[in-house]
Amino acid sequence: MTVTAKICGLSTAETLDAAIAGGASHVGFVFFPPSPRHVTFEQAGALAGRVPRQVGKVGVFVDPADSLLDQAIRATRLDAIQLHRVTPERAAEIGRQTRLPVWGAVAVKTRADLDGVNALRGAVQRVLYDAKVPEDAKLPGGMGLRFDWTLLQGFAHPLPWALSGGLDAENVAEAVQVSGAKLVDVSSGIESAPGIKDTVKIAAFLKTVAAL
Ligand SMILES: O=C(O)c1ccccc1N[C@@H]1O[C@H](COP(=O)(O)O)[C@@H](O)[C@H]1O
């Protein structure tokens, strides 16, 4: 089975280069100031210039205003927009306005949470199953939390999808085996501290994924 990986929350040239060298299919830049992984347009633009064409550049946004999207897309020439905490209607509007593929994050804790995916039909091009965070969490993702991957077993996915939430080099093989994911997304599991990516952990994660 070929499994690909998105390495998210990159903010330095060294760690971006490690993700590309390790074979990441996508790299993610977070445009959300409360996140320790937030990048400015200038930072993101400089990093984007190092990304070869075959690697997708994904911008991560939380209920973004149009102006934020416009500036990020212009600075970074994004290939896809990852959205957290937006309605299906707003996700569809962003897709129409930006003309970019939209990835919609769905926060999962129970099987009932998966029903939210059906509302995204026609609004997004890919679903990102992520762990539901506590109500008072300051971030909707990037918390290193995982959910019960068996919830995805037997689920009739209405859209292409990816798995995220608490993945790391030690658990990604099991996560893929249990869930059937073809694309995995990781952020905190390849860090030495919040927002500090670790090139050794990036390489280990991608090596494990490449062997699946
Ligand atoms: O990483 C962040 O800081 C972040 C901020 C706001 C929205 C999403 C964010 N990250 C996304 O969260 C998931 C899972 O991350 P983790 O591996 O559990 O740390 C991933 O999709 C990131 O893109």
Estimated FRET transfer efficiency when R0 is 45 angstrom, pair residue 198-residue 67 (beta carbons, to 0.05): 0.85
Sorted by Cβ neighbour density within 10 Å, fewest at the top, the residues 182, 207: 207, 182
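Taking the Cβ-Cβ separation of residue 156 and residue 212 as r and a Förster radius of 25 Å, what is the calculated FRET efficiency to the nearest 0.05?
Values: r = 23 Å, r/R0 = 0.93.
It comes to 0.60.
Keeping to pairs on different chains or 8 or more places apart, tell me how many lysine pairs in segment 4-210 have Cα atoms under 17 Å apart.
Working: 6/57; 6/182; 6/197; 6/201; 6/207; 109/132; 182/207; 197/207.
Count of close lysine pairs: 8.
Give a quick list of GluC sites (Glu not before Pro) in segment 88-171 that DSSP marks as loop, anything other than H, G, I, E or B, with at most 15 other Cβ atoms within 10 Å. Mind showing how you got there, number by number?
Details: sites: 89, 93, 135, 170; in loops: 135, 170.
When the GluC sites (Glu not before Pro) of segment 88-171 are filtered for loop state and at most 15 Cβ neighbours within 10 Å, 135, 170 remain.
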Stretch gain in nm, segment residue 121-residue 2, where the contour uses 0.36 nm per residue and the Cα spacing is subtracted: 40.3 nm
What are the semi-axes of the equivalent ellipsoid for the chain, taken as the square roots of 5 times the Cα gyration tensor eigenvalues, largest first, in whole Å? 23, 22, 16
Using the Cβ atoms and a cut-off under 15 Å, what net charge is assigned to the surroundings of residue 84, where Lys and Arg are +1 and Asp and Glu are -1? +2
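At 222 nm, what value in deg cm²/dmol follows for the chain if DSSP H runs of at least 4 each add -39500 (n - 2.57) and the sum is divided by all its residues, to the nearest 500?
Working: 6 runs with 59 residues, N = 212.
Result for the chain, helices only: -8000 deg cm²/dmol.
Name the shape class, rounded, prolate or oblate, that the alpha-carbon gyration tensor gives for segment 133-202, where a ≥ b ≥ c are the square roots of its eigenvalues, rounded holds for a/c under 1.5, and otherwise prolate holds if a/b is larger than b/c and oblate otherwise.
Values: a/c = 2.27, a/b = 1.40, b/c = 1.63.
Oblate, since a/c reaches 1.5 and b/c is not below a/b.
Where a number appears in this text, it was derived from the coordinates with a stated rule and is not lab data. These numbers were taken from a predicted model, which means no experiment stands behind them. Neighbour counts are summed over all protein chains in view; Cβ atoms, including those assigned to glycine, are modelled from backbone coordinates with ideal geometry.
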